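The values are calculated or read from the model by the stated rules, or taken from the named source; none is laboratory data. These numbers come from a predicted model, not from an experiment. Note that we place each Cβ from the backbone using ideal geometry, even for glycine, and neighbour counts take in every protein chain shown.
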Amino acid sequence: MIRSSDIVRLIHHHFPKAEVHSIEDRGTWVRRIFYVTMKNGGRLVVKFHVVKDWLDSTIHEKMVSDILKASKMPYEQILVADASGKLIEYPYLILVAGRGKRLDLLMKELTQEEMLPVYEAVGRYYAQLHQIRGPQSGVWLENPLEVFPTSPTEYMLENEIRHGSTEQMVQSGLIAEIQQQRMVELWEKNIDFLQDHTPVMVHSSPFPWAIYLEKNETNFWQVSRTSALGDTMWWDAAYDLSFLIHPPFTWMFDDWRDAFWQGYGQRADAGRLMLYRLLQIPCAINDVYMQPDSEQNEAWKQHALDELPQLIVALENRF
């Protein structure tokens, strides 16, 4: 259990002159999160790695932030990254509370037309992110040059297409076993095609609830930061792009997609995007992406489930 006194103790250890005014427990989303307001008006965020079965990404997130900073991109200002367990049993991050409003909240506040420059700004951000080249595709922890031996493509085929999310859908009666087999065959048939890509920095969780935007001094929208940096890896840019033009639990408009591509500067191969969407729909339906609670979630799942047979046929005709 993490108490307020633990937060105060950590803050005082790292910043002896700091004075804490209040602490707000924001619950758990990937990490246990606390917002700390200082007596001088400043705000910090303290995040703890509390799910011990998950890979600890504490140092990884700091490294990603450093890479973004070096690339002159918006980044989380992480002041402390401690995975030693010396001060408290949980690895933790202390960062400056970031600016901006979540993309999914902007969708509720702005008109369809007002969202166009917002999505163009999102496109510009990911175009810049995908310019950061990696040594090879793979997950890494502390050293970005040392990746795990299994490629993300092979991992997803084995753990989400052959098994994992699609298997759960069969077991729960959402799809027939023959449909799952067709999905497996599509990925197996195109695995070399998917493996043939330039490894770049991929957010991996570019969800509307993980992208923050603000208006700059000239009143233009810009991405101010992104969260869920622990998922960032070297991989295929199209994996991000499939999420961005078909975001889970989100009702999109074609003109928003056009605005995104306008900002991004080029369109990705449609077949590649469709193959990743074939992966992402089952994962979303099985709540892999830890989406915020919303009244529209179940309706979106049904819509995605209805789309799946058409997507399978379209891919079979394409490949």
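Assorted remarks:
- Among the residues making up the stretch 163-190, those that are more than 16 Å from residue 285 (Cα to Cα) and more than 23 Å from the chain's Cα centre (by Cα) are 177, 178, 181, 182, 184, 185, 186, 188, 189, 190.
- Considered as a group, the residues in the stretch 86-109 that are free of Cβ contacts under 8 Å to residues at least 24 places away in the same chain and surrounded by fewer than 14 Cβ atoms within 10 Å (Cβ to Cβ) include one that is farthest from the chain's Cα centre (by Cα), and that residue is 86.
- Criterion violated by residue 269 - all others in (1) surrounded by 13 or more Cβ atoms within 10 Å (Cβ to Cβ); (2) touching a helix residue (DSSP H, G or I) at 6+ places or on another chain (Cβ under 9 Å) satisfied: (1)
- Considering the stretch 69-85, the residues that are under 18 Å from residue 212 (Cβ atoms) and without any contact (Cβ under 8 Å) to a residue 12 or more places away in the chain include one that is surrounded by the fewest Cβ atoms within 10 Å (Cβ to Cβ), namely 72.
- Cβ-Cβ under 7 Å pairs, at least 6 apart or on other chains, the stretch 32-60 side in contact (Cβ under 8 Å) with a residue 40 or more places away in the chain and under 18 Å from residue 21 (Cβ atoms), far side surrounded by fewer than 16 Cβ atoms within 10 Å (Cβ to Cβ) and among the hydroxyl-bearing types (Ser, Thr, Tyr): 43/35; 43/37; 45/35
- Residue match in the stretch 176-188 (condition: on the phi > 0 side of the Ramachandran plot, in the same structural domain as residue 237 (by TED's automatic domain parsing), without any contact (Cβ under 8 Å) to a residue 12 or more places away in the chain and loosely packed, with under 13 Cβ neighbours inside 10 Å): no
- Strands (runs of 3 or more DSSP E) completely within the stretch 181-292 that count 1 or more residues being among the hydroxyl-bearing types (Ser, Thr, Tyr): 211-215, 221-226
- When 75, 35, 126 are checked against the criterion of being part of a strand (DSSP E or B) and not charged (D, E, K, R), 35 stands alone in meeting it.
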